[in-house]
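Worksheet for the structure shown next.
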Amino acid sequence: MKKVTKHLYVHIPFCKSICTYCDFVRFVKDQKCVKSYVMNLIKQIQQQYKPKQFTTIYIGGGTPNYLNDKLLNMLLRVLSKYLDKTYEFTIECNPELLTYEQAMIMKANGVNRASIGVQTVNNTILYKFNRQHTLKDVQNAISNLKKVGIDNISIDLIYGFNELTTKDILNAINFIKSQPITHVSWYALEVKEGSILNKQNYHLTDEHIEQQLALIIKHMHNINYDRYEVSSWAKHPQYESQHNKAYWLTQDWSAIGLSAFGFENRNYYSYIGTINNYKKQSTKYLLNDYYFQIMLMGLRLKQGLNLSNHMYNDAYQYFKDKLKDVSVVNHHLIANNLNLIDNILIELI
């Protein structure tokens, strides 16, 4: 009997503007082009999936809430039909676009988790990132979500930018403490090859990144957020990202949309091409690659990998002689230090 995939990622590759650190596939397009893409996306969803199939759906981008209210309502209404009884339905949002009316559309269509791209609480650095919002916009966005009853609110923040100071990090911590935020993702800034920062020949400092991470770890603990994954902190276990856990635990997930990535039956695939014409490109993982993927993702989790699961245990046995700085605690394989994951993986390679 064929296993039914329970997780879906949907990609919306449109943005109002291009951030200086971003190298994702993204476009600044008119609403006619956006409508054509969304209508095609809906058609594909209806052809490929079964009603009530998914326990998690995650809409990412790009900027999913760049869609106008009519298109957003149309897409969310369709997707809501594919949610199981117990579900997590997440949408990424840019705060300056998140109106009360938009939040109402999300709530009406079953969205129960929002991820807001905050990046920093320093308005000057937001401008340098070419972000279109201010801290006030973030506060308004959170308020709008709370007003309509979307209580699971996650924010993304960046650290390691040379101009970002200790004061900026502490201000972000205080902001988290003052707001009804249930989940925080802290990402180390990377200068990606296709980004504007790379074209500007921007260079980061490892020492600066390490110092800021240490500061973040200390103060997130002080305000009672648990670091359950390398870059993720939750106020309570119920707020841990169930969709992202599917990635970290190498569970199958389906994906749809230009530049979306999926993983099913040991096949890793992506959609490549143009807005109006994209196709699936697939790679079958060899056993070695599959086991490495399990280690690569699973050791990011604080709880690690449950070795009672034969898939994880097989991967562990395969790499057992090469693994360093790990422990088996209560039959779970865990990294001794989440900050040193790269060192563990280099040994496996």
Note on the range 112-156: contact order normalised by length, alpha-carbon pairs under 8 Å, 6 or more apart, percent, works out to 62
Per residue accessible area of the chain, 1.4 Å probe, in Å²: 48
Residue by residue through the range 307-317, what is 3J(HN,Hα) from phi via Karplus (6.51 cos²θ - 1.76 cosθ + 1.60, θ = phi - 60°)? Round to whole Hz and write x for glycine and proline. 6, 6, 7, 4, 4, 6, 5, 4, 5, 4, 5
Based on the mean of other beta carbon atoms within 10 Å per residue, what is the order of 157-163, 325-331, 55-61, most packed first? 55-61, 157-163, 325-331
Calculated from backbone phi, Karplus (6.51, -1.76, 1.60) coupling profile of the range 89-96 in Hz, x at Gly/Pro: 10, 10, 10, 7, 9, 8, x, 5
Which value at 222 nm does the chain reach when only helices count, each DSSP H run of 4 or more adding -39,500 (n - 2.57), with the total divided by all residues and rounded to the nearest 500 deg cm²/dmol? -11000 deg cm²/dmol
Residue-count net charge about residue 347 - beta-carbon cut-off 9 Å; Lys, Arg +1, Asp, Glu -1: +1
Which entries in the list 107/128; 43/280; 3/107; 16/177; 16/167; 6/146 go over 24 Å, if you measure between the two C-alpha atoms of each? 107/128; 3/107; 16/177; 16/167; 6/146
Any chance you could run the full-extension gain for residue 134 through residue 177? It's 0.36 nm times the residue separation minus the Cα-Cα distance, nm to one decimal. 13.6 nm
Antiparallel versus total DSSP beta bridges in the chain: what percent is that, nearest 5? 45
Relative contact order of the chain (C-alpha contacts under 8 Å, at least 6 apart) in percent is 15
Lys and Arg at +1, Asp and Glu at -1: neighbours of residue 74 with Cβ under 13 Å from its Cβ sum to +4
Of all accessible surface on the chain at a 1.4 Å probe, what whole percent is carbon and sulfur? 49
So I have (i) 56, 55, 40; (ii) 78, 54, 49; (iii) 56, 50, 42, and one of them is Cα extents along the principal axes in Å calculated from this model. Which one is it? (i)
How big is the charge dipole of the range 107-253 about its Cα centre, in debye rounded to the nearest 20, if each Lys and Arg gets +1 on its Cβ and each Asp and Glu gets -1 on its Cβ? 620
Quickly work out the residue 331-to-residue 264 label distance, labels modelled 7 Å from Cα along the C-beta direction, and quote it in nm with one decimal. 3.2
With θ set to phi - 60°, apply the Karplus curve 6.51 cos²θ - 1.76 cosθ + 1.60 along the range 322-327 and write out the HN-Hα couplings as whole Hz, x wherever there is a Gly or Pro. 9, 6, 10, 6, 10, 9
Mean shadow area of the range 197-339 over all directions, Cα convex hull, nm²: 11.9
Quick one: check the C-alpha center-to-center distance for the range 35-92 versus the range 247-321, whole angstrom. 22
Just by accessible area at a 1.4 angstrom probe, what is the order of 131, 300, 77 from largest to smallest? 77, 300, 131
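The values are calculated or read from the model by the stated rules, or taken from the named source; none is laboratory data. Not measured: the values here are computed from a predicted model. Backbone-built Cβ (ideal geometry, glycine too); neighbour counts: all protein chains shown. Heads up: the accessible areas ignore ligands, DNA and RNA and are worked out on the full protein's heavy atoms, side chains in. Shrake-Rupley method; radii C 1.70, N 1.55, O 1.52, S 1.80 Å.
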